[in-house]
Amino acid sequence: MTSLNGHAVPSDQAARRRADHHEADVVIVGAGILGCALAVTLGRQGRSVILLEASMKEPDRIVGELLQPGGVQALEKLGMSDCLEDIDAISVKGYYISYHGEPVELDYPRETPSSPEPRGRAFHHGRFVMKLRQAALACPNVTVVETKATGLVTSTHSKQVLGVECVTKDMKDCYFAQLTVAADGYNSVFRKGNLPHKPTRRSKFWGLEMIDAPLPSPCCGHVLLGDIAPILMYQIGTHETRILIDIPENLPAASVKNGGVKGYMRDCVLPVLPKDVQKPFLNALETGSLRSMPNSFLPASTNKTPGLMILGDALNMRHPLTGGGMTVALNDVCVIRDLLSPEAVPSFEDTELVLKQLSRFHWMRKKSSTVINILAQALYMLFAADDKNLRALQQGCFRYFQIGYVDQPVLMLAGLLKQPLVLVSHFFTVAFLAIWVQFRQTPFTHLLLFPFQSVMVFWTACVVIVPYILAELWS
Ligand SMILES: Cc1cc2nc3c(=O)[nH]c(=O)nc-3n(C[C@H](O)[C@H](O)[C@H](O)COP(=O)(O)OP(=O)(O)OC[C@H]3O[C@@H](n4cnc5c(N)ncnc54)[C@H](O)[C@@H]3O)c2cc1C
Ligand SMILES: *[C@@H]1O[C@H](CO)[C@@H](O)[C@H](O)[C@H]1NC(C)=O
């Protein structure tokens, strides 16, 4: 199926073209979550693939450690579930949410009474990525090259992208393909001039690895809510537990004057952790390395540059609170697999057809990405509440979880329920519940003000969710 000027080329010849001439059907920048899955998928479809990666060493990062059941399912669809084996992964059965110390456990529900119980997986990010890379290396139609991409090679007389420029061990180098894929992650060098939006960042996650920390409910992702921004904890190996602490930009409590981030950990985070976790946390704080990552928001947009496809975090990001990024990336590969299959697009040389399919991709991917994106942003706004109305919504949200109307919301978190309207209706139910809870708490003497307060809570709910709905509809 590998094609050169529209003619089928035997795969050994294609392999030689990749090695000798640096030429393929598709060149993918970034052997991360998306890049590897896409390389394997296209390679298995018979395309000739070059996969470029800046460092083939095992990544050591605090990102991408909890794969939602929806992502596990996408990996199965791609025939790559074995990448979750032999990495000491922990099976995740749901969430444990604590609100000012009051807990509620939300297990991932079955989609139908007869379907199996959904399970997520938590692991060391680097181990999972190495498994994905091994899968790519094992594909005869994929050639993996360690090199740093620096920019695009563009045709001088049209805007057509012809490949990428790289630096390999201080030497300049080029790779050419009919289709170039940018999957180089959150700090992508390919957005400029090719995408209309820039990422925005309102907070960072600071991460530590705790050893033998007994969590209140093992096998659950833990979310701690209270007076400070949310804290996440989940086991990522037999002995290791990740803790991620959200710190909003310019937070006074984490300023240098107040002891910086370490001071914040000791003064504000330590006291709200479950008792058993406090010692492992202090140990990690003393001996481990504290690392941070920006929490970005980037609405997706249609790929319009001929010969280029931007995917993964380079295309679309949401707050990592709900752990949805890898699920979105793997779902996107499933959609691309069908839209760019050899049956749909016989040759990537047909730039017009590829662009048409990419415009379809923009809308088709929304089925799975919209819910994950809006949910992550809206929940973050509530969970990091910093004013009275947001706090009311936060409390309403927790009461909602407690009452037990949670199957659909939890399926949405899991990446299994993909209906944006269902999300919006739950969100506004939470808003009305929040107003009801406020009503019950308002002393008799203050009831005159209540209509005003309830309008403010409702208005705040709109301010939280509407911009993200519009971002999905308009971008
Ligand atoms: C703090 C934090 C926690 C997160 N937690 C979760 C979670 O629990 N669950 C979840 O699903 N998602 C999580 N995410 C999101 C998730 O990490 C990303 O959505 C996912 O990794 C995106 O995959 P990607 O392939 O687009 O990028 P990446 O996985 O980042 O891969 C990009 C690859 O490109 C390579 N690269 C970069 N530049 C170049 C270059 N110039 N040349 C060659 N190669 C290059 C990099 O080395 C890397 O291998 C989290 C994000 C953050 C910030
Ligand atoms: C590699 O590509 C060829 C076509 O060039 C195809 O016949 C073959 O099935 C592919 N191999 C694998 C293992 O996917």
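Key figures
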quantity	calculated
Residue in the range 393-410 that is among the aliphatic types (A, V, I, L, M), surrounded by 19 or more Cβ atoms within 10 Å (Cβ to Cβ), at pLDDT below 90 and out of contact with any Pro (no Cβ under 6 Å at 6 or more places or on another chain) present	yes
Residue count for the range 286-324, restricted to those that are among the hydrophobic types (A, V, I, L, M, F, W, C), part of a strand (DSSP E or B) and over 19 Å from TRP474 (Cα atoms)	3
Total residues in the range 274-284, condition touching a residue at least 24 places away in the same chain (Cβ under 8 Å) and either farther than 15 Å from ILE231 by Cα or outside the structural domain of GLU209 (by TED's automatic domain parsing) (or both)	4
Residue selected from the range 106-140 under the condition more than 16 Å from ligand 2 (Cβ to nearest atom), touching a residue at least 12 places away in the same chain (Cβ under 8 Å) and open to solvent by 40 Å² or more (accessible area, probe 1.4 Å), by the criterion farthest from THR241 (Cα to Cα)	GLU111
Among the residues listed as TYR380, TYR400, the single one being within 16 Å of ligand 1 (Cβ to nearest atom) and aromatic (Phe, Trp, Tyr)	TYR380
Filter result for the condition that a residue is closer than 16 Å to PHE348 by Cα, out of contact with any Phe, Trp or Tyr (no Cβ under 6 Å at 6 or more places or on another chain) and away from ligand 2 (no atom under 16 Å from the Cβ), over VAL181, VAL189	VAL181
Selected residue (criterion: farthest from GLY64 (Cα to Cα)) from residues of the range 237-267 that are assigned to a loop (DSSP other than H, G, I, E, B) and open to solvent by less than 40 Å² (accessible area, probe 1.4 Å)	SER255
Restricting the range 411-431 to residues that are surrounded by fewer than 19 Cβ atoms within 10 Å (Cβ to Cβ) and more than 18 Å from GLY325 (Cα to Cα), the residue that is farthest from the chain's Cα centre (by Cα)	THR429
Hits in the range 438-475 (condition: surrounded by 13 or more Cβ atoms within 10 Å (Cβ to Cβ) and within 13 Å of LYS388 (Cβ to Cβ))	GLN438, THR442, GLN453, SER454, MET456, VAL457, THR460
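The values are calculated or read from the model by the stated rules, or taken from the named source; none is laboratory data. Quick caveat, the model's predicted, so the values are computed rather than measured. Positions of Cβ are backbone-derived with ideal geometry, glycine not excepted, and every protein chain shown enters the neighbour counts. Keep in mind that these areas ignore ligands, DNA and RNA; they rest on the heavy atoms of the full protein, side chains included. Shrake-Rupley method; radii C 1.70, N 1.55, O 1.52, S 1.80 Å.
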